[in-house]
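To start, the structure itself, in structure tokens.
Every number in this text was worked out from the coordinates using simple rules, so none of it is lab data. Treat the numbers as computed from the prediction; the structure is a model and nothing was measured. Because the Cβ atoms are built from the backbone with ideal geometry, glycine has one as well, and the counts that use them run over all protein chains shown.
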């Protein structure tokens, strides 16, 4: 018997700060507390939500961000595309950059 249940996305902690987020100062409350996807606003289930970690808000509160799997993987792909312009190693030899490889693997893992 096969199952169509999605595979959970596990974002390595060191990659979390690299994922582009919407402006945190104008984030609706449901997104700030993790009840909705930080990017798309849909309510991910506990089985499919991706924990994006705690982040400080511009207003001094702690945000508990979560994303849905499709939006998180799109953000990882965006970060992968943007990374070479921000990384000296990628300028020299992108094949040696572990961060770029990790972002690519994360972005492509579930396509």
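Listing for the model above:
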| quantity | calculated |
| --- | --- |
| Descending semi-axes in whole angstrom, ellipsoid equivalent of the chain, from the Cα gyration tensor | 25, 20, 10 |
| Residue 89 paired with residue 54, simple spin-label distance in nm, labels 7 Å along Cα-to-beta-carbon | 2.9 |
| The chain - percent relative contact order, Cα under 8 Å, separation 6 or more | 24 |
| Relative packing of 75-83, 44-52, 12-20, which averages over residues the other C-beta atoms within 10 Å, highest first | 75-83, 44-52, 12-20 |
| Value of Rg to Rh for the range 68-111 (Rh from inverse mean 1/r over Cα pairs, i.e. Kirkwood) | 1.01 |
| Cα-based convex hull, the range 30-88, per residue volume (Å³, whole number) | 98 |
| Relative contact order of the range 27-67, defined on C-alpha pairs under 8 angstrom at six or more residues apart (%) | 44 |
| Highest to lowest packing among 30-40, 90-100, scored as the average C-beta count within 10 Å | 30-40, 90-100 |
| Separation of the residue 33 and residue 96 label points, Cα + 7 Å toward Cβ, nm | 4.9 |
| For the chain, calculated [θ]222 nm from helices alone, where every DSSP H run of n ≥ 4 adds -39500 (n - 2.57) | -8500 deg cm²/dmol |
